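As structure tokens, the structure follows; a few thoughts come after it.
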Amino acid sequence: MKKVKVSLQPIVSKINLPTVMKTAVLPGDSIERLFIATQVGEIFYIGNGVIRTFLDIRPRIIKLGASRGGYDERGLVGLAFHPDFYYNGRFYLHYSVAGTQGPGALPKPFKPDPCDPETLNLQWMNRETQYDHIDTVEEWILQPNGQPQKRRTLLNIRRPFFNHNGVNSLNFSPENGKLILTTGDGGAGYDPFNLSQDDMEIAGKIIEIDVAKNTLIENPPVVTRFNELPSPIQETLTAMAKGVRNIPGVSFQRSYSQYIKYVGNVGQGLVESIFSFTHYKPIPVTQLIQASLMKVELDSEGFINFGWRGWEGAFPTSIIRDCPSNPALDEKTIAYYDEAVQTSVRRLQPLTSYFHKDPRPDKFGGTSLTGVQSYMGNGIPDLMGSVVFTDLARKEESRPPVNGVLAYTRIRNDCKLSDFGVIETNYNFGSQSAYYVSLGTNLDQSRLYLGVHGSMKVTDFNQGTVFEIVP
């Protein structure tokens with residue numbers, strides 16, 4: 001695929017790490033405005049060229065980066081506006097709750113050993129004490145006086161590790177009006193407890209929430225599994241997909257009378273993958289629970305499975321080690337052979353994948369997928385109808401300053417694995433590193449926004465910039 005050239009136009013700079021960028025029309029307003037959420041808990045919007053504070057929930061956010069040298073994946077990771085936000089003022093937040101720090105589910109870093117069955121069959125024990133933190137999903141409302149106020153809590157989820165909480169984790173489906181929540185597999189690498197493939201686990205799933213149903217439960221219990229939820233909450237949930245490692249949101253692209261869904265699954269050590277699907281058959285959580293109680297297998301035709309942890313994109317999940325006899329090569333061992341075999345025919349094949357190491361001159365070595373967005377505008381003709389994605393940092397540029405990378409792909413008519421092309425930018429970041437941490441779009445997907453941070457550390461404040469990607 002040919003290289004596409006674009007420009008980056010700064011919109012706002014010297015903000016904290018931007019995790020979500022979306023547009024909405026405020027009640028009583030007439031202009032679609034860009035809203036920017038930061039990981040530490042601020043939400044800004046751009047009005048008449050001026051950045052204004054919409055909401056500041058920093059006191060509600062867990063203390064970030066304290067024990068990991070500033071790196072963290074918790075915080076404010078999801079923001080979504082109700083499709084009728086202009087009329088009802090409702091919006092939704094997903095964040096890690098202050099004061100919920102726990103010791104974590106494992107005492108040391110995890111890596112599976114294919115020769116040691118114990119490492120392949122770990123169980124998350126003592127969940128009420130052995131966890132890292134609690135995430136919450138809340139509904140808020142913009143009051144007539146212009147002040148946001150929390151209305152209710154939809155879910156409280158206990159998480160085993162600090163990472164893989166998703167980013168841009170809340171989006172509304174234009175097909176059915178439900179709130180889409182992406183949860184991530186719980187973290188630690190290699191999904192130690194195989195939560196992503198367990199139908200009862202909330203971790204590692206894409207979940208639809210019917211926010212039109214009021215459960216009348218003011219403060220839901222803190223849970224890890226669907227069957228721990230009160231029945232009224234269970235009845236609001238459907239499971240859309242499993243086999244999730246970590247997802248930077250779901251993007252919907254209208255195609256005639258249907259919507260193509262695009263999902264990026266962050267890789268382990270080999271490859272980053274983007275998936276696409278149009279038709280799917282979500283399973284009501286009440287049915288999942290009933291099948292589990294009766295120990296029967298559900299009809300899962302149309303239920304999306306991305307294949308993790310047995311598969312990393314199009315490849316069986318591998319443990320990568322250095323080759324002592326040849327430092328230029330790596331040894332790759334299949335981590336979960338039996339799981340890869342069992343999941344092989346049930347999983348969805350990726351639309352495209354890109355590697356952490358890629359010797360091809362027109363490609364790049366990736367680090368971590370941070371955004372996937374459909375682009376339907378005509379301002380950049382070479383990208384119209386494409387799926388644009390961002391990677392945190394080019395692997396081959398491991399020495400400072402580090403820059404992220406933009407790329408794009410398209411669906412092939414023959415349904416084969418698609419190629420991808422690099423999007424070149426003419427912006428000069430100088431000696432400052434520029435990690436590409438997020439990607440956003442407006443309501444009709446005619447504009448693209450790029451979130452950049454000058455550091456990998458959330459505790460390095462005021463190093464964030466939001467750009468619009470323009471011709």
Which pairs do you get when a residue that is touching a residue at least 60 places away in the same chain (Cβ under 8 Å), found in region 290-312, comes within reach of a residue that is basic (Lys, Arg) and open to solvent by 80 Å² or more (accessible area, probe 1.4 Å), reach meaning Cβ atoms under 6 angstrom, with the pair 6+ apart or on two chains?
PHE303/LYS281; ASN305/ARG346
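From the set of residues in region 405-441 that are aliphatic (A, V, I, L, M) and more than 18 Å from the chain's Cα centre (by Cα), which is surrounded by the most Cβ atoms within 10 Å (Cβ to Cβ)?
Pass one, region 405-441, residues aliphatic (A, V, I, L, M): 405-407, 411, 417, 422-423, 434, 437, 439.
Among the residues that remain, those that are also more than 18 Å from the chain's Cα centre (by Cα) are: 411, 417, 422-423, 434.
Working: ILE411: 18, LEU417: 15, VAL422: 19, ILE423: 22, ALA434: 24.
It comes out as ALA434.
Which of the residues that make up region 198-252 are assigned to a helix (DSSP H, G or I) and either open to solvent by less than 50 Å² (accessible area, probe 1.4 Å) or closer than 30 Å to THR317 by Cβ (or both)?
PHE226, ASN227, GLU228, ILE233, GLN234
For region 33-62, enumerate the residues that are part of a strand (DSSP E or B), of a type outside the set (Val, Ile, Thr) and surrounded by fewer than 16 Cβ atoms within 10 Å (Cβ to Cβ). Give the steps one after another, and end with the answer.
So the first thing to find is which residues in region 33-62 are part of a strand (DSSP E or B), and the list is 33-38, 42-47, 50-56, 61.
Those still in the list that are of a type outside the set (Val, Ile, Thr) too: 33-35, 37, 42, 44-45, 47, 52, 54-56.
Of everything in region 33-62, those that are part of a strand (DSSP E or B), of a type outside the set (Val, Ile, Thr) and surrounded by fewer than 16 Cβ atoms within 10 Å (Cβ to Cβ) turn out to be GLY47, ARG52, ASP56.
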Kindly indicate whether PRO114 is over 24 Å from the mean Cα position of the chain (by Cα), within 30 Å of GLU175 (Cβ to Cβ), of a type outside the set (Gly, Ala, Ser) and surrounded by fewer than 18 Cβ atoms within 10 Å (Cβ to Cβ).
no
Residues being among the polar types (S, T, N, Q), open to solvent by 40 Å² or more (accessible area, probe 1.4 Å) and under 22 Å from the mean Cα position of the chain (by Cα) - total across region 319-366:
1
How about region 367-389: which of its residues are out of contact with any Pro (no Cβ under 8 Å at 6 or more places or on another chain), crowded, with 22+ Cβ neighbours inside 10 Å, closer than 22 Å to HIS453 by Cβ and of a type in the set (Ser, Thr, Tyr)?
THR367
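So which residues in region 66-79 are of a type outside the set (Asp, Glu) and farther than 14 Å from ALA98 by Cβ, if there are any at all?
If the condition is that a residue be of a type outside the set (Asp, Glu) and farther than 14 Å from ALA98 by Cβ, then SER67, ARG68, GLY69, GLY70, TYR71, VAL77, GLY78, LEU79 are the ones that fit.
Please find, among SER318, SER344, SER353, the residue that is in contact with a Lys or Arg (Cβ under 8 Å, 6 or more places away or on another chain) and in contact (Cβ under 8 Å) with a residue 12 or more places away in the chain.
Details: SER344 fails: in contact with a Lys or Arg (Cβ under 8 Å, 6 or more places away or on another chain); SER353 fails: in contact with a Lys or Arg (Cβ under 8 Å, 6 or more places away or on another chain).
Exactly one of SER318, SER344, SER353 is in contact with a Lys or Arg (Cβ under 8 Å, 6 or more places away or on another chain) and in contact (Cβ under 8 Å) with a residue 12 or more places away in the chain, namely SER318.
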Could you give me the residue pairs with C-beta distances under 6 Å whose first residue belongs to region 179-203 and is under 17 Å from GLU118 (Cβ atoms), whose second residue is open to solvent by less than 10 Å² (accessible area, probe 1.4 Å) and in a loop (DSSP other than H, G, I, E, B) wherever it lies, and which are 6+ apart or on separate chains?
TYR190/PRO112; ASP191/ASP185; ASP191/ARG309; ASN194/ARG309
Quick one: in region 63-96, of everything that is in a loop (DSSP other than H, G, I, E, B) and of a type in the set (A, V, I, L, M, F, W, C), which residue is least open to solvent (accessible area, probe 1.4 Å)?
LEU64
Being open to solvent by 10 Å² or more (accessible area, probe 1.4 Å), assigned to a loop (DSSP other than H, G, I, E, B), modelled with pLDDT of 95 or more and within 21 Å of GLU138 (Cβ to Cβ): is that true of GLY177 here?
yes
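Return the only residue of ARG151, ARG158 being surrounded by fewer than 23 Cβ atoms within 10 Å (Cβ to Cβ), in contact (Cβ under 8 Å) with a residue 60 or more places away in the chain, not aliphatic (A, V, I, L, M) and not in a loop (DSSP other than H, G, I, E, B).
Among ARG151, ARG158, only ARG151 is surrounded by fewer than 23 Cβ atoms within 10 Å (Cβ to Cβ), in contact (Cβ under 8 Å) with a residue 60 or more places away in the chain, not aliphatic (A, V, I, L, M) and not in a loop (DSSP other than H, G, I, E, B).
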Go through region 253-290 and give me each residue that's assigned to a loop (DSSP other than H, G, I, E, B) and aliphatic (A, V, I, L, M).
VAL266, LEU270
Going through region 253-275 one residue at a time, which ones are over 27 Å from ARG321 (Cα atoms) and open to solvent by 20 Å² or more (accessible area, probe 1.4 Å)?
ARG254, SER255, TYR256, SER257, GLN258, TYR259, ILE260
For region 397-404, state whether one or more residues are part of a loop (DSSP other than H, G, I, E, B), open to solvent by less than 10 Å² (accessible area, probe 1.4 Å) and modelled with pLDDT of 95 or more.
yes
Quick one: GLY189 ticks every box in (1) touching a Phe, Trp or Tyr at 6+ places or on another chain (Cβ under 8 Å); (2) surrounded by 21 or more Cβ atoms within 10 Å (Cβ to Cβ) except a single one, so which number is it?
(2)
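The values are calculated or read from the model by the stated rules, or taken from the named source; none is laboratory data. Keep in mind that this is a model prediction, so the values were computed, not measured. Cβ sites come from the backbone with ideal geometry, for glycine too, and all protein chains shown count toward neighbours. To get the accessible areas, we keep the full protein, side chains included, count just its heavy atoms, and leave off ligands, DNA and RNA. Shrake-Rupley method; radii C 1.70, N 1.55, O 1.52, S 1.80 Å.
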